[in-house]
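Structure, as structure tokens:
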Amino acid sequence: MSESPTAPNASSRSADTAEPAPAGIDPRGPRFGAAVTAALLAITLLLGTGPAATTLLTVVALLFVLGVARGVQGTLQGLAFKAWVRPRLAPPSELEDPRPPRFAQVVGLLVVGAGLLFAALGFPSAVPIAAAVALVAAFLNAAFGLCLGCELYLLQRRLAPQH
Amino acid sequence: MAVHANAVTSALSSLVPAAGSGLAIRATLIVVLLAAASGAWWVTARRASRFRPLWRHPLPGRPEAPVAALTSADLSRELGARATFVQFSSATCATCPQVRRVLTELAATEPGVEQVDIQSEDHMDLVRRFSVYRTPTVLLLDPDGAVHSRTSGPLTPARALAALAQLSQESTRSIDV
């Protein structure tokens with residue numbers, strides 16, 4: 001309560017974010033990527049526990065690493081979308097800020113990474129559990145455009161210590 | 001399609017020993033999981049996209065909450081003579097630009113209606129004060145700055161207009177009384 005709010009941005013643009021907004025991306029790109037991720041996670045779940053499932057979940061984790069490092073447009077799914085899917089679609093009606101889906105990639109990596117970590121520590125059921133959680137998020141993103149990872153951003157900010 | 005699925009199934013069962021019956025169970029579980037997720041999404045989205053009046057009933061054992069209100073000092077600008085839409089946005093919010101466009105358009109066409117965009121990261125005090133858990137969240141303020149109703153998620157112009165009409169109707173009624 002001590003900090004008194006300075007003028008909230010009254011105009012239509014969010015000018016008070018420090019860095020300029022990066023170039024927009026086609027919003028269908030992340031959804032296509034999420035569909036691919038969801039398919040991989042569904043196969044992981046079908047495999048149950050064992051080396052095959054762990055390997056596939058590791059592949060998904062590596063895809064998330066690419067997304068965290070380069071943004072969703074830099075993942076293999078993003079490149080595939082750009083090369084094969086987007087040329088077949090009409091131009092997008094609007095572009096999307098690439099930062100929210102990139103944050104969601106961080107959340108996805110944390111979930112899948114935790115599953116792999118616990119599996120390595122001797123809890124093999126962590127693989128299907130992590131795959132199930134990530135599958136729900138990827139499926140909701142692909143099917144309805146809901147970015148579950150993005151929703152967590154403000155919750156995480158609220159949990160940060162109050163000053 | 002069925003042949004295809006069978007081929008995949010047998011391929012998977014050969015990959016994983018003793019997966020035959022387990023596979024059917026797992027496939028069923030996946031379908032149930034995704035159906036449950038879709039249902040939860042549908043219910044949540046339906047509920048969130050409407051403007052809901054503020055919950056004024058106190059929790060048991062808690063004092064009655066005072067009417068939540070924002071002043072022009074909080075916002076560092078004048079409130080709308082008729083209504084003010086306060087939008088909470090954030091850097092990782094994919095839906096915020098769409099909602100901002102709807103509200104900016106509304107503020108431009110409806111007399112006495114103002115639109116304020118709050119960058120949540122910079123105003124965590126307001127985020128906590130108004131129990132904002134997700135972005136975009138939109139508060140609709142009456143001319144005195146009291147929160148009339150709120151909504152979150154994607155917003156259609158029709159929904160925003162309906163909430164505005166509701167607010168105007170209630171204000172007129174209270175003046176009559």
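The values are calculated or read from the model by the stated rules, or taken from the named source; none is laboratory data. Model, not experiment: these values are computed from the prediction. Don't worry about glycine lacking a Cβ; one is built from the backbone with ideal geometry, like all the others, and counts go over all protein chains shown.
The rows are residues; the columns are (1) under 20 Å from residue B:90 (Cα atoms); (2) touching a Gly at 6+ places or on another chain (Cβ under 9 Å); (3) surrounded by 15 or more Cβ atoms within 10 Å (Cβ to Cβ).
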site: A:31; (1), (2), (3): no, yes, yes
site: A:41; (1), (2), (3): no, no, yes
site: A:45; (1), (2), (3): no, no, yes
site: A:50; (1), (2), (3): no, no, no
site: A:59; (1), (2), (3): no, no, no
site: A:66; (1), (2), (3): no, yes, yes
site: A:90; (1), (2), (3): no, no, no
site: A:115; (1), (2), (3): no, no, yes
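Any residue in region B:102-119 that is of a type in the set (Ser, Thr, Tyr) and in contact (Cβ under 8 Å) with a residue 24 or more places away in the chain?
No, region B:102-119 has no match at all.
Within region B:25-68, track down each residue that is at pLDDT 90 or above and over 25 Å from the mean Cα position of the chain (by Cα).
B:25, B:26, B:27, B:28, B:29, B:30, B:31, B:32
If residue B:79 satisfies all but one of (1) in a loop (DSSP other than H, G, I, E, B); (2) without any contact (Cβ under 8 Å) to a residue 60 or more places away in the chain; (3) more than 16 Å from the chain's Cα centre (by Cα), what's the number of the condition it fails?
The single condition residue B:79 does not satisfy is (2).
Please pick out the residue among B:99, B:132 that is outside any helix (DSSP H, G or I), touching a residue at least 12 places away in the same chain (Cβ under 8 Å) and crowded, with 18+ Cβ neighbours inside 10 Å.
Among B:99, B:132, only B:132 is outside any helix (DSSP H, G or I), touching a residue at least 12 places away in the same chain (Cβ under 8 Å) and crowded, with 18+ Cβ neighbours inside 10 Å.
Does region A:141-162 contain any residue that is farther than 29 Å from residue B:40 by Cα, polar (S, T, N, Q) and at the interface with chain B (Cβ under 10 Å from one of its Cβ atoms)?
yes
Using the structure shown, decide if residue A:122 is of a type in the set (Gly, Ala, Ser) and modelled with pLDDT under 95.
Answer is yes for this residue.
Only one of A:119, A:142 is buried (at least 21 other Cβ atoms within 10 Å of the Cβ) and of a type in the set (A, V, I, L, M, F, W, C). Can you tell me which?
A:119
Among the listed residues B:164, B:140, which satisfies the condition of being modelled with pLDDT of 90 or more, more than 14 Å from chain A (Cβ to nearest Cβ), buried (at least 19 other Cβ atoms within 10 Å of the Cβ) and not in a helix (DSSP H, G or I)?
B:140
Testing residue B:84 on (1) among the hydroxyl-bearing types (Ser, Thr, Tyr); (2) assigned to a helix (DSSP H, G or I); (3) buried (at least 20 other Cβ atoms within 10 Å of the Cβ), one condition comes back false. Which one is that?
(2) is the only condition that residue B:84 fails.
Take the conditions over 14 Å from the mean Cα position of the chain (by Cα), outside any loop (DSSP other than H, G, I, E, B) and modelled with pLDDT of 95 or more and apply them to residue A:117. Does it pass?
yes
Could you tell me which residue of region B:143-159 is nearest to the other protein chains (Cβ to nearest Cβ), considering only residues that are touching a strand residue (DSSP E or B) at 6+ places or on another chain (Cβ under 9 Å) and either within 13 Å of residue B:90 (Cβ to Cβ) or of a type in the set (A, V, I, L, M, F, W, C) (or both)?
So, considering only residues that are touching a strand residue (DSSP E or B) at 6+ places or on another chain (Cβ under 9 Å) and either within 13 Å of residue B:90 (Cβ to Cβ) or of a type in the set (A, V, I, L, M, F, W, C) (or both), the one nearest to the other protein chains (Cβ to nearest Cβ) is B:152.
Can you pull out every residue in region B:110-128 that is within 8 Å of another protein chain (Cβ to nearest Cβ) and among the charged types (D, E, K, R)?
Answer for region B:110-128, where residues must be within 8 Å of another protein chain (Cβ to nearest Cβ) and among the charged types (D, E, K, R): B:117, B:121, B:122, B:125, B:128.
Which is under 23 Å from residue B:28 (Cβ atoms) and part of a helix (DSSP H, G or I), of A:62, A:41?
The unique qualifying residue is A:41.
Hey, among the residues in region B:82-94 that are of a type in the set (Ser, Thr, Tyr) and without any contact (Cβ under 8 Å) to a residue 60 or more places away in the chain, which one's farthest from residue B:133 (Cα to Cα)?
The residue in question is B:92.
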